[in-house]
Amino acid sequence: MKIFTQRLEQPTAEQTAILATQQQNGQYLQLDFDTRQRSRFRATLQNGEAIGIDLPRTGTLKDGDVVQNASGDIIQIFAKPQTLTKVTADNAFELMRGAYHLGNRHVPLMLVQHDNDYALYFEPDYVLADMLVKLGLTVSEVAHAFEPETGAYGHGGHSHGHDNRLSHADTQSTIVGDLTKATFFS
């Protein structure tokens, strides 16, 4: 079994041609969001060939990403359509209100604009869907590839690299620490 260990940043023209041929032959992966978040897993190409993925923890695989093994073989990853909850509203304010409530619950959320129509997508959760209906939003179940927003501070999820930014947990403990030392005036 071939093991793919690195993400290819930008395929060359030759690699792009190889990927096009592979697509015709079913030599690509279609993965749901939960699988694309993992750095190590076994998978089966569309043509039935088993492969392994063993990547550094560098974030979620995105639709169209290309991975490479030590021999130079490449495989393209595509976001697999999966069951999602789609949220729409009669006006932008109501949809924004729904996004606020979902964000307040740290729900991975995909924001889509098609022409002048806007929609929110998230993985099915009947409690959240019921909340949104009670807020007056329209909720439906659809099959769609899921590419949620990655956040304003990075390229995906929580950072585990060695950079100068604070992690989510570090930021929270710093804020809590500062609040416990603060003096409040009445």
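The values are calculated or read from the model by the stated rules, or taken from the named source; none is laboratory data. Treat the numbers as computed from the prediction; the structure is a model and nothing was measured. Cβ atoms come from the backbone with ideal geometry, glycine included; neighbour counts cover every protein chain shown. Areas reflect the complete protein model, heavy atoms only, side chains present, ligands, DNA and RNA absent. Shrake-Rupley method; radii C 1.70, N 1.55, O 1.52, S 1.80 Å.
Structure above, values below:
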quantity: Under 12 Å, Cβ to Cβ, from LEU95 - net charge with Lys/Arg +1 and Asp/Glu -1; calculated: -1
quantity: Label point 7 Å beyond Cα of ASP130 along Cβ direction - residues of the stretch 84-102 with amide nitrogen under 14 Å; calculated: none
quantity: By accessible area with a 1.4 Å probe, ligands and nucleic acids excluded, highest first: order of VAL139, VAL66, VAL133; calculated: VAL133, VAL139, VAL66
quantity: Added length on full extension, which subtracts the Cα-Cα distance from 0.36 nm per residue, GLN46 to ALA20; calculated: 8.0 nm
quantity: For the stretch 38-59 and the stretch 1-37, distance of Cα centres in Å; calculated: 10
quantity: FRET E, pair ILE3, ASP90, Förster distance 35 Å, beta-carbon r, rounded to 0.05; calculated: 0.10
